[in-house]
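**Student:** One structure is given below, represented as structure tokens, and several questions about it will come after.
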Amino acid sequence: MSGYNTKIITYKNQTQIKHYGRSIKTDYSLSDEQKKDRKRKADTERTPQQIAKSIESSRNRTINSIYQYALANDWELFITLTFNPVKVDSKNYDSVVNALSNWFKKTKELYAPDLKYIIVPELHKNGGYHFHGLISDFGNLPLTIGKTTKSGDVIFNLISYNLGFSTATFVKSSDKCCSYILKYITKDLCAVTKNKKRYWCSKNLKKPKIETYEYMADEFENSMKDLIDFIEYRKVVNIEKAHNQMKIYGLNI
């Protein structure tokens, strides 16, 4: 078993440093199947409070994964895809997922072989779903002009999307679009999609570079003094479940 207290994540246009008050221990002695078996056994013995905490932890992991993919890549279009209940049962998660997966597969075959995407579901109060996402390298994917926003931005529609209604707008800020799609990863969504995927991304996406270190307290503080001019933001997050604290620094390097 080893550990670290500092994680450095390098995205396309920024770097994030996470420093923990207590070291994070990593145990590679168990296989993935053994870890899943341990989790299944734990699931049958947990209290409602423990289940709620587990859902929150799962939500945080999903958000972190989406965040990393979203900031490590360039994006061109922000899209929204809905489902016509006559064509797809919008309240059946497996149905909408299968329909959407088939559409992306056909889109890559017909229009955009290098298509990049990351897609997340939105759960409605009535139990239905639609999806939001970011795409790039969309090749010859046909667009038609729809409405125009109050600020004059054009809202396009995806001609080839025949499962329901669609919109597409050009991305001005990847950071803002990322924040927008992350808000749909709610506790309610995580509760009803247990053991199911909550985001989809193409295999050709870049991943951020992640490095971990174990620093002595004075070593970390001295290293941060050298970076002080590059720090754009900082915040402190208390991790109550792990009795730990995380300091996050955003750097423009």
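The values are calculated or read from the model by the stated rules, or taken from the named source; none is laboratory data. None of the values given here were measured: they were computed from a predicted structure. For neighbour counting, all protein chains shown are included, and Cβ atoms are generated from backbone atoms with ideal geometry for every residue, glycine included. Please note that ligands, DNA and RNA were not included when accessible areas were found on the heavy atoms of the full protein model with its side chains. Shrake-Rupley method; radii C 1.70, N 1.55, O 1.52, S 1.80 Å.
**Student:** Projected onto the charge dipole of the chain (+1 at Lys/Arg Cβ, -1 at Asp/Glu Cβ, origin at the Cα centre), which of G21, Q245, N84 gives the Cα projection farthest towards the positive end?
**Tutor:** Going by the Cα projections, it comes out as N84.
**Student:** Here is a further query. Using per-residue counts of other Cβ atoms within 10 Å, averaged over each peptide, order 68-75, 145-152, 224-231 from highest down.
**Tutor:** Result, highest mean first: 68-75, 224-231, 145-152.
**Student:** Counting Lys +1, Arg +1, Asp -1, Glu -1, what net charge surrounds E211 among other residues with beta carbon under 12 Å of its beta carbon?
**Tutor:** +2
**Student:** Once you have a ≥ b ≥ c as the square roots of the Cα gyration tensor eigenvalues for segment 59-165, tell me rounded if a/c is under 1.5, and otherwise prolate or oblate according to whether a/b is larger than b/c.
**Tutor:** Note, shape of segment 59-165 comes out rounded.
**Student:** Additional query: Mind listing the phi-derived Karplus ³J(HN,Hα) values for segment 14-25, rounded to whole Hz, using 6.51, -1.76 and 1.60 with θ = phi - 60°, and x for any glycine or proline?
**Tutor:** With coefficients 6.51, -1.76 and 1.60, one gets 7, 10, 10, 10, 10, 10, 9, x, 10, 4, 8, 8 Hz.
**Student:** Another one. Report the charge-dipole magnitude of segment 104-252 in Debye, nearest 20, computed about the Cα centre from +1 at each Lys and Arg Cβ and -1 at each Asp and Glu Cβ.
**Tutor:** The dipole of segment 104-252 has a size of about 920 debye.
**Student:** Using +1 at the C-beta of Lys and Arg and -1 at the C-beta of Asp and Glu, which of I145, A168, F131 has the Cα lying farthest in the positive direction of the dipole of the chain?
**Tutor:** F131
**Student:** Rounded, prolate or oblate: which one fits the chain, using the alpha carbon gyration tensor with axes a ≥ b ≥ c (rounded when a/c is under 1.5, else prolate when a/b beats b/c, else oblate)?
**Tutor:** It comes out oblate by the Cα gyration axes.
**Student:** Whole-Hz ³J(HN,Hα) for each residue in segment 81-90, computed from phi via Karplus 6.51 cos²θ - 1.76 cosθ + 1.60 with θ = phi - 60°, x for glycine and proline: what do you get?
**Tutor:** 10, 10, 10, 6, x, 6, 9, 9, 6, 5
**Student:** Using a 1.4 angstrom probe with every protein chain in place, what is the largest-first accessible-area order of Y11, Y67?
**Tutor:** In descending accessible area the options line up as Y67, Y11.
**Student:** Which whole-Hz ³J(HN,Hα) couplings does segment 193-208 yield from phi under the Karplus relation 6.51 cos²θ - 1.76 cosθ + 1.60, θ = phi - 60°, glycine and proline marked x?
**Tutor:** 10, 4, 6, 10, 5, 10, 7, 10, 9, 6, 6, 8, 6, 6, 10, x
**Student:** Moving to a separate point now. With the other protein chains left in place, how much accessible area per residue, in square angstrom, belongs to the chain at a 1.4 angstrom probe?
**Tutor:** With all protein chains present, the chain gives 61 Å² per residue.
**Student:** Considering only I24, I181, I66, give the residue with the highest GNM mean-square fluctuation for the chain, with springs between Cα atoms whenever their separation is below 10 Å.
**Tutor:** The residue with the greatest mean-square fluctuation here is I24.
**Student:** Moving on to the next point. Which percent of the accessible heavy-atom area of the chain goes to carbon and sulfur, probe 1.4 angstrom?
**Tutor:** The computed percentage sits at 50.
**Student:** Tell me the accessible surface of R61 in square angstrom (1.4 angstrom probe, heavy atoms of protein chains only), to the nearest ten.
**Tutor:** R61 exposes around 140 Å² with every protein chain in place.
**Student:** How much net charge surrounds P113 when only the other residues with a Cβ under 13 Å from the Cβ of P113 are counted, with Lys and Arg +1 and Asp and Glu -1?
**Tutor:** Cβ neighbours under 13 Å give a net charge of +2.
**Student:** Place a +1 charge on the Cβ of each Lys and Arg in the chain and a -1 charge on the Cβ of each Asp and Glu, then give the dipole magnitude about the Cα centre in debye, rounded to the nearest 20.
**Tutor:** Using Cβ point charges on Lys, Arg, Asp and Glu, the chain gives about 780 debye.
**Student:** Continuing with this model, one more query. Need one number: nm distance between label points at D114 and H243, each 7 Å from Cα along Cα→Cβ, rounded to one decimal.
**Tutor:** Rounded to a tenth, the inter-label distance reads 5.2 nm.
**Student:** What does the charge count around F165 come to, taking other residues whose C-beta lies under 14 Å from its C-beta (Lys +1, Arg +1, Asp -1, Glu -1)?
**Tutor:** +1
**Student:** Using a 1.4 Å probe and ignoring any ligands, DNA or RNA, find the accessible area of I55 and quote it in Å² to the nearest 10.
**Tutor:** Accessible area, nearest 10 Å²: 50 Å².
**Student:** Determine the calculated [θ] at 222 nm for the chain from helices alone, applying -39500 (n - 2.57) to every DSSP H run no shorter than 4 residues and normalising by the residue count; nearest 500 deg cm²/dmol.
**Tutor:** -10000 deg cm²/dmol
**Student:** For Y233, what accessible area in Å² do you get when you roll a 1.4 Å probe over the heavy atoms of the protein chains, rounding to the nearest 10?
**Tutor:** Rounded to the nearest 10, that gives 80 Å².
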